[in-house]
Amino acid sequence: MRLLLALICAIPVFAAAQSPVTLTPALVEAGSPELIHVHSPCLKIEGQWLGHPIVFFRSHGELAHGDLARSDPDWYALAGVDVEATPGPSKLTLTCEQGTSAGAIPRDLSLPVTIHPAHYRTGALTVPPKFVEPGPEALQQIDAEKKLKEKLFAQAEASTAPPIWSGSFLAPVRAAPTDSFGTRRMFNGKLASIHKGTDFRAATGTPVHAGNAGVVLLAQPLYYEGNCVMIDHGLGLISISMHLSRIDVKPGQHIARGQQLGLSGATGRVTGPHLHWAIRWQGAMLDPAKLLRLNLDKLR
């Protein structure tokens, strides 16, 4: 018995292996954009989270869908949690294929992710009645614009081309942002929606720039958004600039990080001049202020 106990005590106790998957920010909240980093020698990575596919790439933009035999073990994906996501447990499902092209072995890298609630306030605004109860002609216009936006969003979110953006995102204007993201908006006493963008206190005529490189998805006036520019940054990530007084770009145009898109204004459903800047990923609306705080320059 003493010999058996001695042998048991002599067996080293190993701590559980640390996961090669990290999320930034580590505290995942409703509305959070998330940089997912996998440090593992994978030939291929496939992922799913919250009903959305996660497409990984290497730092220089190479996608993780090829049969790659490279020494670089770092893979990245930019994803996020919708502002209206239900708090609680979720599962980030990841499969990494390791080995060689002749004998790849799948490795499960999945991990549980708790979604925490984000606390937003309620705000009241007064706008012209036509933006609260549109007439028949306006409703037809709104419906046509809704279908156009859905078509363009679906087109961008279905793409598996390499990401167009590179490096950290820039603020679209040199003006102070507000904490308006996630606010429950009351228009003329009626609850209309959750505010799914960040407002910047930009006077009419303030230059509006692209937060990162991309392709112009839409550039035209819309009923609620006013003069609007949407930029496809690749892999379902879209930035939206609203209420412009002037548009300087055209659909299909390739845009550089920081390039001017137009001038801020007060078109559409507004109470005064400002820029509404929204970030959308695979249908999820994300907090632009948190995206601006993500250090994406470190991707090597």
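What the table below lists for this structure:
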{"item": "Quarter of the Cα convex hull surface for region 122-293, i.e. its orientation-mean projected area (nm²)", "result": "9.2 nm²"}
{"item": "Neighbourhood net charge (10 Å Cβ-Cβ; Lys/Arg +1, Asp/Glu -1) for residue 267", "result": "+1"}
{"item": "Positive minus negative residues near residue 209 (Lys, Arg vs Asp, Glu; Cβ under 14 Å)", "result": "+2"}
{"item": "Cα-centred dipole magnitude for region 122-293, charges only on beta-carbon of K, R (+1) and D, E (-1), debye, nearest 20", "result": "240 debye"}
{"item": "Restraint check, 146/196; 149/250; 250/298; 91/149, Cα-Cα greater than 25 Å", "result": "250/298; 91/149"}
{"item": "Reference-scaled alpha-carbon Rg (2.2 N^0.38 Å with N residues) for region 244-287", "result": "1.35"}
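Values in this text are rule-based calculations from the coordinates and carry no lab data. None of these values were measured; they are calculated from a predicted model. Here Cβ is always computed from backbone atoms with ideal geometry, including for glycine, and neighbour counts include all displayed protein chains.
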